[in-house]
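This report concerns only the one structure given below.
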Amino acid sequence: MNRSLERFALLAGVIILLCSAQFGACLAGGPVALPVALLLSVGVTLLWAHFDLSSDRPWLPPLVCAGAVLLSVLLAEFSFRSDFAEWFSFLFAAAGSGLTMFVLLRSRVRCALCNRRLATQALSFKCPRCHMQVCDEACWSFEHRRCTLCLEQRVPVLPTGEKWWTRVAGPRSAYGRCQICLGSAEQVDLRICPHCRRPQCRECWDFNNGECQRCGTALPDLPASLTMTVVQTTENIEIHGA
Ligand SMILES: [Zn+2]
Ligand SMILES: [Zn+2]
Ligand SMILES: [Zn+2]
Ligand SMILES: [Zn+2]
């Protein structure tokens with residue numbers, strides 16, 4: 001069974017439950033029906049948001065809640081009793097659901113750079129260099145695997161200590177040229193790729209996310225942030241390997 005179909009079946013079930021509960025509350029009169037409409041619509045909206053059925057249509061839950069409650073009131077009024085106050089139940093339902101939606105939308109995570117709210121189901125990225133969570137639309141460079149600000153400012157990610165470099169790539173090379181920027185051994189700090197033995201300067205290793213331009217092999221013992229970049233805003237799952 002299709003996953004979205006499953007969710008809609010669940011939602012339909014919840015709405016039917018809402019209708020029957022509201023119908024029951026209407027039989028008890030206005031003082032019961034009004035608060036029940038409010039509480040039920042808040043509950044349904046929270047459930048709705050939890051299953052993310054309406055991230056692009058925030059007006060839908062209040063409309064559906066108000067409609068379902070109005071239907072229940074109509075049935076109750078015509079079949080059993082007449083209580084003028086009950087007619088306002090649908091307003092309570094719309095208000096409860098609308099307010100819940102408003103609070104939920106406002107509490108969404110924002111992109112640290114452009115400040116747009118991240119859609120519930122959309123991917124966002126945690127920059128390995130500045131550790132900010134950014135949107136994939138404007139503030140993430142897929143090619144360079146960093147946020148656009150870090151790309152612009154050339155923010156480094158690899159450790160700067162000589163000890164680390166000697167351990168992962170050996171000591172500074174006294175000859176050769178960087179295979180990316182073509183800097184000579186005198187101009188730049190060249191380190192040999194442990195895999196293909198090509199020289200690459202420290203700045204270019206850093207810019208290339210610790211990978212060799214030629215063979216694509218990454219240096220061992222890279223910072224953990226470099227391997228965890230994809231963040232899904234809903235469940236905050238982090239996927240390894242970008
Ligand atoms: Zn952004
Ligand atoms: Zn960044
Ligand atoms: Zn270089
Ligand atoms: Zn290599």
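The values are calculated or read from the model by the stated rules, or taken from the named source; none is laboratory data. Bear in mind that the values here come from a model prediction, so they are computed numbers and not experimental data. Cβ atoms come from the backbone with ideal geometry, glycine included; neighbour counts cover every protein chain shown.
Does residue 130 count as in contact with a strand residue (DSSP E or B) (Cβ under 7 Å, 6 or more places away or on another chain), more than 16 Å from ligand 3 (Cβ to nearest atom), on the phi < 0 side of the Ramachandran plot and of a type outside the set (D, E, K, R)? Outline the logic, then answer.
Working: in contact with a strand residue (DSSP E or B) (Cβ under 7 Å, 6 or more places away or on another chain): yes; more than 16 Å from ligand 3 (Cβ to nearest atom): yes; on the phi < 0 side of the Ramachandran plot: yes; of a type outside the set (D, E, K, R): yes.
It is true that residue 130 is in contact with a strand residue (DSSP E or B) (Cβ under 7 Å, 6 or more places away or on another chain), more than 16 Å from ligand 3 (Cβ to nearest atom), on the phi < 0 side of the Ramachandran plot and of a type outside the set (D, E, K, R).
Does region 134-188 hold any residues that are among the acidic types (Asp, Glu) and within 16 Å of ligand 3 (Cβ to nearest atom), and which are they? Let's see the steps before the verdict.
Going residue by residue through region 134-188, those that are among the acidic types (Asp, Glu) are 136-137, 143, 152, 162, 186.
Result: 186, single match.
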Any chance residue 108 is surrounded by 13 or more Cβ atoms within 10 Å (Cβ to Cβ) and at pLDDT below 90 = yes
Residue list for region 48-75, filter: at pLDDT below 85, crowded, with 16+ Cβ neighbours inside 10 Å and in a helix (DSSP H, G or I) = 48, 49
Answer residue from region 121-137, given it is modelled with pLDDT of 90 or more and either outside any strand (DSSP E or B) or in contact with a His (Cβ under 6 Å, 6 or more places away or on another chain) (or both) and is nearest to ligand 4 (Cβ to nearest atom) among those | 128
Single unsatisfied condition, residue 159 versus (1) surrounded by 16 or more Cβ atoms within 10 Å (Cβ to Cβ); (2) out of contact with any helix residue (DSSP H, G or I) (no Cβ under 7 Å at 6 or more places or on another chain); (3) touching a residue at least 60 places away in the same chain (Cβ under 8 Å) = (1)
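Just to be sure, is residue 152 more than 24 Å from residue 220 (Cα to Cα), within 16 Å of the chain's Cα centre (by Cα) and not assigned by TED's automatic domain parsing to the domain that holds residue 202? Walk me through it before giving the result.
Details: more than 24 Å from residue 220 (Cα to Cα): yes; within 16 Å of the chain's Cα centre (by Cα): no; not assigned by TED's automatic domain parsing to the domain that holds residue 202: yes.
It is false that residue 152 is more than 24 Å from residue 220 (Cα to Cα), within 16 Å of the chain's Cα centre (by Cα) and not assigned by TED's automatic domain parsing to the domain that holds residue 202.
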How many residues does region 191-207 hold that are within 9 Å of ligand 3 (Cβ to nearest atom) and within 37 Å of the chain's Cα centre (by Cα)?
-> 7
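Can you go through 172, 167 and tell me which one is away from ligand 4 (no atom under 16 Å from the Cβ), in the same structural domain as residue 205 (by TED's automatic domain parsing), buried (at least 16 other Cβ atoms within 10 Å of the Cβ) and not small (Gly, Ala, Ser)? Walk me through how you get there before you give the answer.
Working: 167 fails: buried (at least 16 other Cβ atoms within 10 Å of the Cβ).
Result: 172 is the single residue among 172, 167 that is away from ligand 4 (no atom under 16 Å from the Cβ), in the same structural domain as residue 205 (by TED's automatic domain parsing), buried (at least 16 other Cβ atoms within 10 Å of the Cβ) and not small (Gly, Ala, Ser).
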